[in-house]
Each structure stands twice: as C-alpha cells, then as structure tokens.
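Okay, structure first, notes after.
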Amino acid sequence: YAFNVAQPGIKMHALPWQVNPNVRGDNWRNILFPQLLNNKIERCCNGGSDEQISCAFGIEDLLIEGNEVIGGGSIAFGGEGIDVKFGINGFIIRNNHVHNNAKVGIRMDGGFAQGGGYTTGQAAVRHVQNGICEDNWVHDCGDTGIDVETEAAGWLINIDVRSNLIQNIANGKHGILIYKHPSAPSWSTTGVPGSHQSIGVFGNTTSGIT
C-alpha cells in the first residue's frame, strides 16, 4: 500500500530519463516479464511528477493486474493513474480499479526516442506495442478514462482496448480517446509526432461522460 508520496506509488523505469536505452546492446529489453499485482496506490504523485503507476524505457511482457489506484493530492506535474510509455513491447493492463483521479485514468503513451541519435529503422524499438487493456473499471476522473496517445515521436502499434467499464468522466473529457499530438514537444529528440497502427476498441461500456 503506497499512500501520499510525492512520486509514483510504483515506478518501473528500466533506465533513467534521457539515457540511451540500448546502452547494453539489448535492443530495449531491459526488464523482462514483470508483474504488478493487487497493489493499492492512493494519493501518489502528490506534488511530484510521473504517474501513480508508471512503467517505461525498455520493458517486455508486462502485466499490470488487480490494482486499485485512487487519486488525490497536487497533480500539477503528473498524477495520471496507470501509464505505460516510452518503449514497452508486450503488455496487459487488466482488471484494475482506477477512480477519483483528477487526471487520466489509464494511459498508453507512445513517447519518444530516448537518448537520441537513432535512425528511422532503429527507432522502431521505442514504440508502445503489442498490448491489451481489458476489464478495467475507471470512474469519477477529471480527465479521459482510457487514453491511447502519441505524446511525442513514438508510435502505438497493435493495441486492443476491450471490455472496460468507464463511468463519470467530467470536464468535457472522453471515455476513451485515441489521439495523435499535432506536434512533438521540445524534449522529443526528433520533433516529429508518432502515430497509431492497428488499434482496436470494442466491447467497452461508458456512462456519465459529461
């Protein structure tokens, strides 16, 4: 149980920010087969950055299941519920309960070319790809329930969002959002936004989207 901390309740970043993810020559395969199961995360990222459960930078075959994430605290620099970003190949986000959060409930984020200096072919490993987001309950959030977006140069590839229940999303935001940023932010190493490929959205239920 993680409660009222400034940074994420669970942070699994395989490398520090802006370190070359292929520094060992393992093609982003830095953490293999991790499982985040049945945790309770409440009021984390309270004044800090990142997301309450934050996974990034070279993770393969990730399972996030059975967790409860409850919002609260100061979220000026972060505070989304569950986020997978910046080089995740193979993931399942299943049967989690995310609620009363001021920001996005669950986010899949294409990210960017961490460390820079990549050619187009090499950059393929930075994407968030081959994932399933299913059977989650997201409700009473102040931003989008489930978000599949390209924050910077990375792509989102072969992802299914299915059989989720999303309720009571306020502030004119969305139950499920598939979004391509019009431009990459200044910290992106390419300056070119990524895109989406083979995204499936089916069998979800939404209500109270205002």
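Out of all the residues in the stretch 37-61, which are farther than 12 Å from His13 by Cα, aliphatic (A, V, I, L, M) and buried (at least 20 other Cβ atoms within 10 Å of the Cβ)? Passing the criteria: only Ile41. Scanning the stretch 185-196 turns up at least one residue that is part of a loop (DSSP other than H, G, I, E, B), at pLDDT below 85 and touching a His at 6+ places or on another chain (Cβ under 9 Å).
Residue count for the stretch 82-101 satisfying the condition of being farther than 14 Å from Gln35 by Cα, hydrophobic (A, V, I, L, M, F, W, C) and part of a strand (DSSP E or B): 1.
The values are calculated or read from the model by the stated rules, or taken from the named source; none is laboratory data. Since the structure is predicted, the reported quantities are computational estimates derived from the model, not experimental observations. Neighbour counts are summed over all protein chains in view; Cβ atoms, including those assigned to glycine, are modelled from backbone coordinates with ideal geometry.
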